[in-house]
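**Q** Below: one structure in structure tokens.
The values are calculated or read from the model by the stated rules, or taken from the named source; none is laboratory data. Note that the coordinates shown come from a computational prediction; the quantities given were computed from them, not determined experimentally. Ideal geometry is used to build each Cβ from the backbone, glycine not excepted, and the neighbour counts take in all protein chains shown. Protein only, heavy atoms only, side chains kept; ligands, DNA and RNA dropped before computing areas. Shrake-Rupley method; radii C 1.70, N 1.55, O 1.52, S 1.80 Å.
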Amino acid sequence: MTYKELWQELENRYGEGEAKAVVRYLLEVGYGMTMTDILCGAVEQQDDERLREQLRRLQAGEPVQYVVGLAEFCGRQFVVRPGVLIPRPETEDLVSLATKGKTHILDIGTGSGCIAITLALEMPEAQVEAWDISDDALAVARENALRLNARVDFQKKDILSVSSLASPSSISSNSSLSRKPFDLIVSNPPYICERERADMAQHVLEHEPGLALFVPDDDPLKFYRAIARLGLSALTPDGQLMFEINPLYAGELKKMLSDLGYYDIAIHEDRFFKKRFVVSSVRRAAAE
């Protein structure tokens, strides 16, 4: 098949522009082709049966990252499979906020491991721990850490079941790293309310894990509250929380953090000019 034949097969579903972008991603990431290779006919030398199977999956709406098995994040390739959320470009902005002098970091809800692994690689002096409740996600995260030669201690933990009064030593009792408190807790937890499903792309709803996306309509801050309570005992004095957030609840989240005793609470926009991140510090008295 030619490049033109491939994108034309997807045009009815995606439109011409997106169809071309999807096929370019498939060929560049999945087959290692340059645009010059593509335009010079290198596509026609590939396994036609394999391409047709991938095309079938794309026509069914499966994200191209799952079809290829790789997603780009902060200039690196991360393995992704159904069962882990595909990293979003705006989450790279959260990593940029976090790479500032922290030495003991916890990533809650790590998914593919993209945040934790990137922080570990960008700050090799830091000790990085990462939690997730999903065995599938942890398997992918560990595979990514091995591929990218990153030192991250992955733990299976459910933040909703971790006591907010637990001491740092008990929180990290299974960790291969130190048991000292964290000076940064970073998280991109589930934050989309069930009622927002109607406004979401069908390929996300059909293929990406709901466990990593949705929260109940009556409790949109469910995970943020649990993580913030954990931070009161698990963070060092003046340690920081950094969240990716739903812009709809930025004000409500800021108030909740203030009520718990956090200070210097700042809301940051992402690259698309949406209120997407909250950074706050825990008061010394709360952590002692």
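**Q** Restricting attention to region 230-255, report how many residues are open to solvent by 30 Å² or more (accessible area, probe 1.4 Å), among the charged types (D, E, K, R) and either within 12 Å of Pro189 (Cβ to Cβ) or in contact with an Asp or Glu (Cβ under 9 Å, 6 or more places away or on another chain) (or both).
**A** 1
**Q** Name the residue, out of Val84, Val67, that is among the β-branched types (Val, Ile, Thr) and either on the phi > 0 side of the Ramachandran plot or not in a helix (DSSP H, G or I) (or both).
**A** Val84
**Q** Considering only residues that are more than 21 Å from Leu213 (Cα to Cα) and assigned to a helix (DSSP H, G or I), which ones fall in region 113-141? Even if it seems obvious, please write down each step before you answer.
**A** Narrowing region 113-141 to residues more than 21 Å from Leu213 (Cα to Cα): 118-129.
Passing the criteria: Thr118, Leu119, Ala120, Leu121, Glu122.
**Q** Here is a check on your reading of the model: is Ser258 polar (S, T, N, Q) and open to solvent by 40 Å² or more (accessible area, probe 1.4 Å)?
**A** Criteria met by Ser258.
**Q** Given (1) open to solvent by less than 10 Å² (accessible area, probe 1.4 Å); (2) closer than 30 Å to Leu10 by Cα; (3) at pLDDT 95 or above, where does Ile117 come up short, assuming only one miss?
**A** (2)
**Q** Conditions first: (1) more than 30 Å from Leu58 (Cβ to Cβ); (2) at pLDDT 90 or above; (3) open to solvent by 10 Å² or more (accessible area, probe 1.4 Å); (4) outside any strand (DSSP E or B). Ile267 passes all but one, so which condition is the exception?
**A** So the condition that Ile267 fails would be (4).
**Q** So if I check each of Asp270, Asp217, which one is touching a residue at least 40 places away in the same chain (Cβ under 8 Å), touching an Asp or Glu at 6+ places or on another chain (Cβ under 7 Å) and among the acidic types (Asp, Glu)?
**A** Result: Asp270 is the single residue among Asp270, Asp217 that is touching a residue at least 40 places away in the same chain (Cβ under 8 Å), touching an Asp or Glu at 6+ places or on another chain (Cβ under 7 Å) and among the acidic types (Asp, Glu).
**Q** Before we move on, is Gly111 in contact with a His (Cβ under 6 Å, 6 or more places away or on another chain) and either under 20 Å from His207 (Cα atoms) or open to solvent by 10 Å² or more (accessible area, probe 1.4 Å) (or both)?
**A** no
**Q** Now for a different question. Looking at region 48-58 only, could you name the residues that are modelled with pLDDT of 90 or more and either part of a loop (DSSP other than H, G, I, E, B) or of a type outside the set (A, V, I, L, M, F, W, C) (or both)?
**A** Listed by number, the residues that qualify are Glu49, Arg50, Arg52, Glu53, Gln54, Arg56, Arg57.
**Q** Name every residue in region 1-47 that is assigned to a loop (DSSP other than H, G, I, E, B) and crowded, with 18+ Cβ neighbours inside 10 Å, in order of residue number.
**A** The first filter runs over region 1-47 and keeps only residues assigned to a loop (DSSP other than H, G, I, E, B), leaving 1-2, 15, 32-34, 40-41, 46-47.
Met33, the sole residue that qualifies.
**Q** What are the residues in region 23-57 that are aliphatic (A, V, I, L, M) and either more than 25 Å from Glu143 (Cα to Cα) or under 19 Å from the mean Cα position of the chain (by Cα) (or both), if any? Please lay out each step first, then the result.
**A** So in region 23-57, the residues aliphatic (A, V, I, L, M) come out as 23, 26-27, 29, 33, 35, 38-39, 42-43, 51, 55.
Matches in region 23-57: Val23, Met35, Ile38, Leu39, Ala42, Val43, Leu51, Leu55.
**Q** Inspect all residues belonging to region 217-229 and state whether any of them is assigned to a helix (DSSP H, G or I), exposed (fewer than 14 other Cβ atoms within 10 Å of the Cβ), at pLDDT below 90 and not basic (Lys, Arg).
**A** No, region 217-229 contains no residue that is assigned to a helix (DSSP H, G or I), exposed (fewer than 14 other Cβ atoms within 10 Å of the Cβ), at pLDDT below 90 and not basic (Lys, Arg).
**Q** Among the listed residues Phe272, Phe277, Phe243, which satisfies the condition of being part of a loop (DSSP other than H, G, I, E, B), out of contact with any Pro (no Cβ under 6 Å at 6 or more places or on another chain) and closer than 30 Å to Glu62 by Cβ?
**A** Phe272
**Q** Can you spot a residue in region 65-73 that is of a type in the set (Ser, Thr, Tyr), touching a helix residue (DSSP H, G or I) at 6+ places or on another chain (Cβ under 9 Å) and more than 27 Å from Lys180 (Cβ to Cβ)? Spell out how you get there, then give the answer.
**A** Our first condition is that a residue be of a type in the set (Ser, Thr, Tyr); within region 65-73, this holds for 66.
Next, only the ones that are touching a helix residue (DSSP H, G or I) at 6+ places or on another chain (Cβ under 9 Å) stay: 66.
After this cut, where a residue has to be more than 27 Å from Lys180 (Cβ to Cβ) as well, the list is 66.
Yes, that holds for at least one residue.
**Q** So, one more: Taking the options Gly61, Gly75, name whichever one is farther than 26 Å from Phe243 by Cβ and small (Gly, Ala, Ser).
**A** So the residue among Gly61, Gly75 that is farther than 26 Å from Phe243 by Cβ and small (Gly, Ala, Ser) is Gly61.
**Q** Return the only residue of Ala71, Ala98 being closer than 27 Å to Glu9 by Cα and buried (at least 17 other Cβ atoms within 10 Å of the Cβ).
**A** Only one candidate passes the filter, namely Ala71.
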